[in-house]
2 protein chains.
Amino acid sequence: MPANPDRDLPLRERKKLRTHRALVDAALRLFLERGFDEITLDEVVDEVEVSKRTFFRYFSSKEDVATAAETELWDAYVAGFARTPLDGPVLATLRRALVSALEGMDAEWERRFIATRGLIARTPALRDHSNVCSLRTQERLVEQIESKLAVDSRADVRLRLLGELAVGAWRCGAKNWVRQERHSERKGHGARDTLVSRVVEAFDALPSAVVMTPEAAEGD
Amino acid sequence: MPANPDRDLPLRERKKLRTHRALVDAALRLFLERGFDEITLDEVVDEVEVSKRTFFRYFSSKEDVATAAETELWDAYVAGFARTPLDGPVLATLRRALVSALEGMDAEWERRFIATRGLIARTPALRDHSNVCSLRTQERLVEQIESKLAVDSRADVRLRLLGELAVGAWRCGAKNWVRQERHSERKGHGARDTLVSRVVEAFDALPSAVVMTPEAAEGD
DNA sequence: TGTAAACTGCCACTGAATGACATTATTGCT
DNA sequence: AGCAATAATGTCATTCAGTGGCAGTTTACA
């Protein structure tokens, strides 16, 4: 349990991080045990011994707490991309930053993330929420691209398309990864590597997808 | 008021279409007058003189009724694409089918659609819902591509990428169209043409976006 | 005409989500 | 160390989207 926040933080901040973490963990555990739709927020907050009002001070919705692991990844991605200068193909930079974010997350996150994606895959409301969050991330990336290039995405639609391409590649790669994991007994070690591979594969397939014809389709 | 459904339909079907239409129209009118979040479903159903229980037999959510015009477009797109044989670049077929769907919708739909997009643009919950619907449409397109090509999208990630590219282009083009319309006094005639142009522009920019470098960015 | 199926409405209820305001805990300064 | 200010939390009432169960009404068909 990595509840050892930065000792330099004031007590208030430390307590907030603890509560946030406790809510995320309790929620994920309960949702995994009995299903997202079968657990009420009252049950979650009872576990952590906080009020529901407090819950909503930390999370904007029930779906938010359930998909916290993904949010952490998006935050890392956007922060990493912000720190990366643009040189060479923009899409390659977007790809590199995403891979870097994925590889930089710790092992505890990985366990939570894998469990979260499984939960998302079998819960329609969470699938929708996950998609919404990915699109919001696109928007943040586009804003950064606009800023880095000093160009408005209305003037050049390619800037907005880059957001679609990057996060779209993630959606495709992650989707295929989940579907593959569902058929695999290897639920632990190596799953992240496989996810990275699938995402990279999707990025790399973009140029070909753009010009693909029916004859180019591989038989199954 | 195009409430003249097919005379060949049984009375039951005709009444259902009428109720569906009435709910869509009342909801959109009220939402536009006072804002999506300010109108309750009780107000909407009172206008149409049906029960809320009936409302939920027609629509799965409040957001659903608000974005009906978009749903109609997606349905037309998917149906049109289903009827279109794949030849030449797949993306070009996807593009053609979308343009064809857009141009095939009638003038009454166009008015509703423009109003709906304006409402979506200023309502966060509807923006999210609209995005979710577009992603669901992607899924339907991918399923059709899989079927047409007799290939599983897990075996070839490009199939899923094609869905992202097509509907992603829509999102980019439509987004820029809405932002442009917001600054334009021409709210009526010609708006659809402009939307088509922006969407086509986005499709056409995909090959360039994939390889774009910072030096290739246009100044504003 | 009568019956079955489809459709609608009533009603109670649930649970996510919110606003107002009181209470408690922490911080920073003297 | 004490205190005032600030931040965080909890209580409580409420709203409203959404659902299930079941009775009543309408339509279709033999």
query = Of all residues in region A:34-43, which are assigned to a helix (DSSP H, G or I) and farther than 20 Å from residue A:20 by Cα?
reply = A:34, A:37, A:38
ask   = Condition test on residue B:205, is it within 29 Å of residue A:199 (Cα to Cα) and surrounded by fewer than 17 Cβ atoms within 10 Å (Cβ to Cβ)?
value = no
task = From the list B:67, B:54, pick out the single residue that is free of Cβ contacts under 8 Å to residues at least 60 places away in the same chain, among the β-branched types (Val, Ile, Thr) and within 14 Å of DNA strand D (Cβ to nearest atom).
result = B:54
request  = Out of the residues in region A:44-78 that are within 8 Å of DNA strand C (Cβ to nearest atom), open to solvent by 60 Å² or more (accessible area, probe 1.4 Å) and part of a helix (DSSP H, G or I), state the one that is nearest to the other protein chains (Cβ to nearest Cβ).
outcome  = A:56
remark   = All-but-one check, residue B:77 against (1) within 19 Å of residue B:193 (Cα to Cα); (2) within 13 Å of DNA strand D (Cβ to nearest atom); (3) of a type in the set (Phe, Trp, Tyr), failing number (2)
ask   = What is the number of the single condition among (1) away from DNA strand C (no atom under 15 Å from the Cβ); (2) within 14 Å of chain A (Cβ to nearest Cβ) that residue B:39 does not meet?
value = (2)
note = Scanning region B:79-96 for residues that are part of a helix (DSSP H, G or I) and open to solvent by 10 Å² or more (accessible area, probe 1.4 Å) gives B:79, B:80, B:82, B:91, B:92, B:95, B:96
ask   = Can we say residue A:26 is away from DNA strand C (no atom under 13 Å from the Cβ), buried (at least 17 other Cβ atoms within 10 Å of the Cβ) and more than 14 Å from chain B (Cβ to nearest Cβ)?
value = yes
message = For region A:38-58, which positions are in contact with a Phe, Trp or Tyr (Cβ under 9 Å, 6 or more places away or on another chain) and among the acidic types (Asp, Glu)?
response = A:38
query = Of these, B:88, B:118, which one is in the same structural domain as residue B:176 (by TED's automatic domain parsing), at positive phi and out of contact with any Asp or Glu (no Cβ under 7 Å at 6 or more places or on another chain)?
reply = B:88
inquiry  = I want to confirm something. Restricting to region A:121-146 and keeping residues that are of a type in the set (A, V, I, L, M, F, W, C) and touching a residue at least 60 places away in the same chain (Cβ under 8 Å), which single residue is nearest to residue A:79 (Cα to Cα)?
reply    = A:141
ask   = How many residues does region A:158-173 hold that are free of Cβ contacts under 8 Å to residues at least 24 places away in the same chain and either open to solvent by 10 Å² or more (accessible area, probe 1.4 Å) or within 13 Å of residue A:81 (Cα to Cα) (or both)?
value = 2
ask   = Is there a residue being farther than 27 Å from residue B:210 by Cβ and within 13 Å of chain B (Cβ to nearest Cβ) anywhere in region A:157-168?
value = no
query = Only one of (1) buried (at least 17 other Cβ atoms within 10 Å of the Cβ); (2) part of a helix (DSSP H, G or I); (3) among the hydrophobic types (A, V, I, L, M, F, W, C) fails for residue A:151. Which number is that?
reply = (2)
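Restricting attention to region A:12-22, does a residue exist that is open to solvent by less than 50 Å² (accessible area, probe 1.4 Å) and of a type in the set (D, E, K, R)?
Yes - at least one qualifying residue is present in region A:12-22.
The values are calculated or read from the model by the stated rules, or taken from the named source; none is laboratory data. Remember, it's a predicted structure, so these values are computed and weren't measured experimentally. With ideal geometry, Cβ positions are generated from the backbone for all residues, glycine too; neighbour counts draw on all protein chains shown. Only protein heavy atoms, including side chains, enter the accessible area calculation; ligands, DNA and RNA are left aside. Shrake-Rupley method; radii C 1.70, N 1.55, O 1.52, S 1.80 Å.
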